[in-house]
Structures are given as structure tokens and as C-alpha cells.
Amino acid sequence: MPSGKLDDLLAFVAVARERSFTGAAAKLGVSQSALSYTIRELEARLGVRLLTRTTRSVAPTEAGQRLLRTAAPRLEEIESELAAIRELREKPAGTIRITATEYAADAILLPKLAKLLPDYPDIKVEIIIDYGLTDIVAQGLDAGVRSGEQVEKDMIAVRIAPDMRMAVVGAPSYFRSRQAPKRPQDLIGHNCINLRLPTHGGLYAWEFEKGGRELKVRVDGQLTYNTTAQILNAALAGMGLAYVPEGWAQPYITKGRLKRVLEEWCLPYSGYHLFYPSRRQQSAAFSLVVDALRHG
């Protein structure tokens, strides 16, 4: 086994994780005696015991645990970068699975992927529509798309769209017999179209802000959907007020098919970000998709 310092650390991490010289040696493709010698040399160089050995088990000492916590993530990053560089020699291929809201999939992902995918026929992208705060690691997904505020701090976040706003809209026919709301509190007296979230089956609270004051309003109405596109269609049919992304409603507002209310209460907020685990091994295909989606 090579005696380089990086190889010594890789050997230690393998033994500490496997809790076995036999298992680690098999994983690394070296003999147990060579692996044992490498660990002894590393301990001698550091002047501290890293592993406690018994006839039945191997476990890291306190110093070993500390080294494992600090070294393992960095080694994974190095291995990930080397793998990505090796793959650059090959033709980018593979399936990238992304979770996103319906609007993000239609307005952000589709136009950008339409420019990328024709040049890379071996890259496939699967988009899963989901309004919940999906655990992408647990679900086996490569990435997710959410507003910046919704991205967990242990994820890498790449902005893929500018700041955005929401809009409260209704059809002219809806307002013929109703006064337009002047404040978010006025929504209590209106027929509002709700969005059902998958997480715990709750209804989405409409969010407003003005002059530093933030409000969340639990609205009520006759219709509830679990996707935004159907909510917009119901509003166009005069069935109630909808709370939807501004970009989705604007064409209908311009044509006079929808009327916007409470605009001064709908302030810009952090736009869509692509997020993925900080330790994920980036393939050439994944890197191309990220670069294609990147904003600016």
C-alpha cells in the first residue's frame, strides 16, 4: 500500500468505519498486515493512539473519533472532485431526479433544460412535483427546488431565479358582487381557494408583509387543491380568490381576465434555489444541469 499521508488517512478512515481490519483490508484491496503497518506508522507519526484493538473488535479512541469527524468529510470531497474530473473525459450521461413546485418546474426548469438537453441526449431529467419540504436524501433524489428561505443550512444552494412575488387574484366576475379586500384581514370574508400541503395534510397560510409587519392568514373557501395550476384555473373560472406566483398570474392580469388585489402587501422574497447535499458526488451530468439552471 502506498505510504503517502493521504493514503494513510484513507486507511484509518476505512478501519474506523468498518471497525475491522479484515473488512477494511478487503474494501481497500490490501492485506491485513500491510493495513496494520500503515495504521501503526500513522499513530507513530502523530504520537497518539487512534484505534483501540482487542481480539474481537476495533474502535477509535477519543483522538481517533476527532480525526474521523474532521478528516472523513474532507476526504470525501477530494474523492468526489477526482471522480468528477475523471468523468469529464467521458460522455455526460445519467438520470438527474429533481423535486420542485409546479410553477418552478414550468417557469424556471423547463425553459433552461430545453436549451441544455438537446445537446446531451444521454442526460435524463426526472422532475417530481411536490409542495412539501421533501427530504431529498431520504427520497433518493439528486436535488430540490425551493425558495431560498426554505433551504436547509446543511445543503448547497444555487440561485436559479431572481427574487419573486406572490399575487392575490380573482376574476372580474368574482368581484361583481364583492368588495375587493383592502387588508389581508379582509380575506376572512372572501371565498378563497386553498392549497393543501402534503406535509401533515395542512392548508397553506397566505403570507403578507408591509412596513416590516408580517402576517399569515388562514383563509377559507369552497375549493381546495393540492397543485397551484388548478387553483389558478379555478380563479379564472370566477370561483374565488387565488394566491399564486406573480409570474403565473401576470399574463391573465394583463389581458383583464384576472384582477389583482393586496399588491402592496405582496413584497419580493428570495427566489428559487436548487439545493443538494454538500457531500454528494457530482457527476458530469449533474454539474451540467446545475450550470444550466444557475441564475445570472
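The values are calculated or read from the model by the stated rules, or taken from the named source; none is laboratory data. If you're wondering where the values come from, they're calculated on a predicted model, not measured in any experiment. Ideal geometry is used to build each Cβ from the backbone, glycine not excepted, and the neighbour counts take in all protein chains shown. Calculation scope for accessible area: heavy atoms of the full protein, side chains included, ligands and nucleic acids excluded. Shrake-Rupley method; radii C 1.70, N 1.55, O 1.52, S 1.80 Å.
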Those residues of segment 24-35 which are free of Cβ contacts under 8 Å to residues at least 24 places away in the same chain and either over 17 Å from Leu68 (Cα atoms) or open to solvent by 70 Å² or more (accessible area, probe 1.4 Å) (or both) amount to Ala25, Ala26, Lys27, Gly29, Ser31, Gln32, Ser33
Checked Tyr204, Tyr225 against criteria (open to solvent by 40 Å² or more (accessible area, probe 1.4 Å), in contact with a helix residue (DSSP H, G or I) (Cβ under 7 Å, 6 or more places away or on another chain) and more than 20 Å from Pro172 (Cα to Cα)); the one match is Tyr225
Worksheet item: Can Ala107 be described as part of a helix (DSSP H, G or I), out of contact with any Ser or Thr (no Cβ under 7 Å at 6 or more places or on another chain) and surrounded by fewer than 21 Cβ atoms within 10 Å (Cβ to Cβ)?
Response: yes
Counting only residues in segment 1-17 that are assigned to a helix (DSSP H, G or I) and either open to solvent by 80 Å² or more (accessible area, probe 1.4 Å) or hydroxyl-bearing (Ser, Thr, Tyr) (or both), the one nearest to Ala71 (Cα to Cα) is identified as Leu6
Note on Val125: of the conditions (1) part of a strand (DSSP E or B); (2) touching a residue at least 60 places away in the same chain (Cβ under 8 Å); (3) of a type in the set (A, V, I, L, M); (4) under 30 Å from Asp8 (Cβ atoms), unmet is (4)
When Ala59 is run through (1) under 17 Å from Leu9 (Cα atoms); (2) part of a strand (DSSP E or B); (3) touching a residue at least 60 places away in the same chain (Cβ under 8 Å), the failure sits at (3)
Selection from segment 251-273 of residues open to solvent by 70 Å² or more (accessible area, probe 1.4 Å) and either modelled with pLDDT of 95 or more or closer than 19 Å to Ala229 by Cβ (or both) yields Thr254, Lys255, Arg257, Lys259, Glu263, Glu264
Looking at Val13, is it of a type outside the set (S, T, N, Q) and in contact (Cβ under 8 Å) with a residue 40 or more places away in the chain?
-> yes
The one condition Tyr131 fails out of (1) exposed (fewer than 15 other Cβ atoms within 10 Å of the Cβ); (2) closer than 22 Å to Tyr272 by Cβ is (1)
Subset of segment 213-222, residues under 21 Å from Pro268 (Cα atoms) and open to solvent by 70 Å² or more (accessible area, probe 1.4 Å), comes to Arg213, Glu214, Lys216, Arg218
Of the residues in segment 159-193, those that are surrounded by fewer than 16 Cβ atoms within 10 Å (Cβ to Cβ) and either touching a Gly at 6+ places or on another chain (Cβ under 6 Å) or among the β-branched types (Val, Ile, Thr) (or both) come to Pro162, Asp163, Ser173, Ile188
Considering residues that are at pLDDT 95 or above and in contact with a strand residue (DSSP E or B) (Cβ under 8 Å, 6 or more places away or on another chain), the number found within segment 226-244 is 10
